[in-house]
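Accompanying notes for the structure given below.
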Amino acid sequence: MSAFAPLAPWFAGLASTIHQSNPMAVGIAVAVLTAGSAYCSWRTWRNVSIERLIEDTPAIKIRSAPQGYVEIEGLGKLMDGPPIIAKLSGLPCVWYRYQIEEYTTGGRDRSRWVTVDKGESTEIFWLQDETGRIVVDPEGADVTPRHKETWKSRAAISGVAYPKYMSTFLAASDNTYRFTEERINSGERMYAIGLLKNMSSYTSTPTVDEDVRMLLDTWKQDQPALLKRFDLDQDGKIDEREWMLARAQARREVMKSRRDEVSHSTDGLNVLGPTHSSNRPYLLSAFSQGELAKRYQRWAAFYAAGCFLLGLATVWVFNAKFV
């Protein structure tokens, strides 16, 4: 308590000022502090939930990854064709995010950084381990890169190489600009948790009944084999009971084929993407499973402290005015 003794007169003066203030203004301040505390409480719960999800979901190899919500670790790799190029640095990578800010001076000498351009890549890339590889669609993901670079420059400085799309607004001002770029480089170790779906699910996939009909049509083309397999009474024809048996067997074979297709990732045929569910976040990270869990743990502690301090301030302000 002795450490806070020098602040006692300041708190006493502030309490006196609050007590004499307009009740409406103090009420608004209490409401704002309460909302801030509630927000920090929600963020604490959210970060703890994600941390536990990361720790409780086992990482699996790509070859044995089932369709559904999965956790995979591997290397990010560029696909064949034009590389993914970071907007600001011009470096090849599998994912990037950038922001350009201009330093402006407003009225009353208020200077601040104003965002003039920002964005992130949505190009797909490979995630591979020693057993196989899958396609990663980064759109909609919460991405945590390892590399982040920030630098400042003036548009008037000669010899600075800017991307062509930036030349219009850079040429119009001599203000200072701040550039921020985050990247996940090709070949970098990655952690991913999201919804793994077969690429065929993005196209027109035949129904089970359609597959059964096609399989039966194939069997009908080989009548000797069909009779040998399903003509139980050996009368040289397939009666209604035997045909029902054939349809049941065709359905079993179709379902088994579909289970095998869904249960195993085939090279180049599966894509990892968003779940569209707040309870199952889509995360991509250049940090390992353990490192990412600790990051969420630290954020949870930070927001928990904010919740406590804002809650304490709410009670103190309320008491100073109304009690």
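What to note about this one:
- Cβ-Cβ contacts under 7 Å between residues 6 or more apart (or on different chains), taken from a first residue in the range 131-160 that is over 19 Å from Q289 (Cβ atoms) to a second residue that is at pLDDT below 90 and aromatic (F, W, Y), are listed as K152/Y177; S153/Y177; A155/Y177.
- Between I18, I60, I54, I100, the distinction of being among the β-branched types (V, I, T) and closer than 30 Å to R178 by Cα belongs to I100 only.
- In this structure, E71 does satisfy being in the same structural domain as L196 (by TED's automatic domain parsing) and under 29 Å from G290 (Cβ atoms).
- All positions within the range 103-129 that are closer than 23 Å to R178 by Cα, surrounded by 14 or more Cβ atoms within 10 Å (Cβ to Cβ) and either in contact with a Pro (Cβ under 9 Å, 6 or more places away or on another chain) or of a type in the set (S, T, N, Q) (or both): T104, E120, S121
- Among residues of the range 35-51, those that are buried (at least 17 other Cβ atoms within 10 Å of the Cβ) and not aliphatic (A, V, I, L, M), counted: 8
Table: residues versus (1) in the same structural domain as T131 (by TED's automatic domain parsing); (2) at pLDDT below 85; (3) more than 24 Å from the chain's Cα centre (by Cα).
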| residue | (1), (2), (3) |
| --- | --- |
| I18 | no, yes, yes |
| K77 | yes, no, no |
| G81 | yes, yes, yes |
| P92 | yes, no, no |
| R108 | yes, yes, yes |
| T115 | yes, no, no |
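The values are calculated or read from the model by the stated rules, or taken from the named source; none is laboratory data. Please read all numbers here as calculations on a predicted model, not as lab measurements. Here Cβ is always computed from backbone atoms with ideal geometry, including for glycine, and neighbour counts include all displayed protein chains.
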